[in-house]
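See structure below.
The values are calculated or read from the model by the stated rules, or taken from the named source; none is laboratory data. What you are looking at is a predicted structure, and each value in this text was computed from that prediction instead of being measured. FYI the Cβ positions are ideal-geometry reconstructions off the backbone, even for glycines, and counts take in every protein chain you see.
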Amino acid sequence: MKKDRELLSTLKVNKKTLIIGIFIIIVSLIGGIILYLLVTKDDAISMRDADHLEMYAQIEGEISSVFATSNNDGKLEKYYLINNNDFYYIIKSIEDMTGNIIFGKTKEIPNEIKEYATLYLKEIGLDINDNNFSNYVSNYLLDSTYNKSDELLKIMLMFGMFILIGVIFIIYYLYLLLRRKSFLNKNKIALKEIQRELKEGNVIHNNICKIYLSDNYLLSYDRNIWLCNLENIIWIYPFERRQHGIPTMKSVCIVDKKGNCNMIGIIKCKKNKSQKFYDQFYNELMKKSPNALHGYSKTNKEKAISMQFKN
């Protein structure tokens, strides 16, 4: 029974994907709710009390005509001055201003807009210049193009995207579960034989290369679960991935009678222990597959192609 559980436990779907998906969803929900509450709870302060950028503020007063305009990605931005108790505030808007209370976020005043405001106020009789600008005009402009509803929508879209990513992880985990169930049902007879040989001690289990090798079957459970009857293998050869001429990864390529090629026994070359287990696996596989072609060569490739047609 212990050997049976050992085999089935190695074929279990890693719950890491499920845990990551649940974690992303929980963090996204908590983060989204907190940010939503912060934005909706943010009450507008008076512009007179605004002392830094990106503050949600409001102002009411006598609105001037447009004193400056600018084009931002095809949108015409209009700049107004509001007189509030003989102190002026610059307002940026894309709509015509009315006498209602105006809401927005504090932004830095562009130098060009500051120059236009200075000229405008000089025309109405104020003795204003660069040195005494802050005596007459607020150091921040009020950007009325800011809209709380738009910001809330952005929050919902952003965290909704993260939640969707989490859901995709969970769906992928469920897909892997269904695929595992299908694999177990489809290969009941072969798996029972492997379990029987495992109890008798006739199966090689290489947990570094993640394979079971019996007298009749090769079972790999590394990246994907794959089962092959040794009689169907026609070609075996080692494969290396190199970086700057140095091997970084090794695997074994298995070609069956149908022409399918599977890479199994994948290891990282930096680990000496892994290399040892890789060599053991490769040698045992060649011993148990004497009729298969061994090693990569142009001749073996041509022979393998012809063997596919014969079978």
* To do: Starting from region 67-79, keep only residues that are touching a residue at least 24 places away in the same chain (Cβ under 8 Å) and farther than 14 Å from residue 145 by Cα, then list their pairs with residues that are in a strand (DSSP E or B) and among the aliphatic types (A, V, I, L, M) whose Cβ atoms are within a distance under 7 Å, requiring at least 6 positions of separation or different chains.
  => 67/81
* Structure fact -> Restricted to region 186-211 and to residues being of a type in the set (A, V, I, L, M, F, W, C) and part of a strand (DSSP E or B), the residue surrounded by the fewest Cβ atoms within 10 Å (Cβ to Cβ) is 204
* Structure fact -> Filtering region 223-240 down to residues that are within 23 Å of residue 14 (Cβ to Cβ) and outside any loop (DSSP other than H, G, I, E, B) yields 225, 226, 227, 228
* To do: Tell me, yes or no, whether region 113-124 has at least one residue that is closer than 18 Å to residue 51 by Cα and in a loop (DSSP other than H, G, I, E, B).
  => no
* Please give the number of the condition residue 157 fails out of (1) at pLDDT below 90; (2) surrounded by 14 or more Cβ atoms within 10 Å (Cβ to Cβ). => (2)
* Asked: Quick one: would you say residue 54 is in a loop (DSSP other than H, G, I, E, B) and either touching a Ser or Thr at 6+ places or on another chain (Cβ under 7 Å) or outside the structural domain of residue 127 (by TED's automatic domain parsing) (or both)?
  -> yes
* Among the residues of region 252-288, which ones are closer than 21 Å to residue 242 by Cβ, more than 35 Å from the chain's Cα centre (by Cα) and surrounded by fewer than 17 Cβ atoms within 10 Å (Cβ to Cβ)? -> 276, 279
* Asked: Since residue 87 meets every condition but one in (1) of a type outside the set (Val, Ile, Thr); (2) under 16 Å from residue 70 (Cα atoms); (3) over 46 Å from the mean Cα position of the chain (by Cα), which condition does it not meet?
  -> (2)
* Would you confirm whether any residue within region 212-222 is of a type in the set (Gly, Ala, Ser), part of a loop (DSSP other than H, G, I, E, B) and under 26 Å from residue 176 (Cβ atoms)? => yes
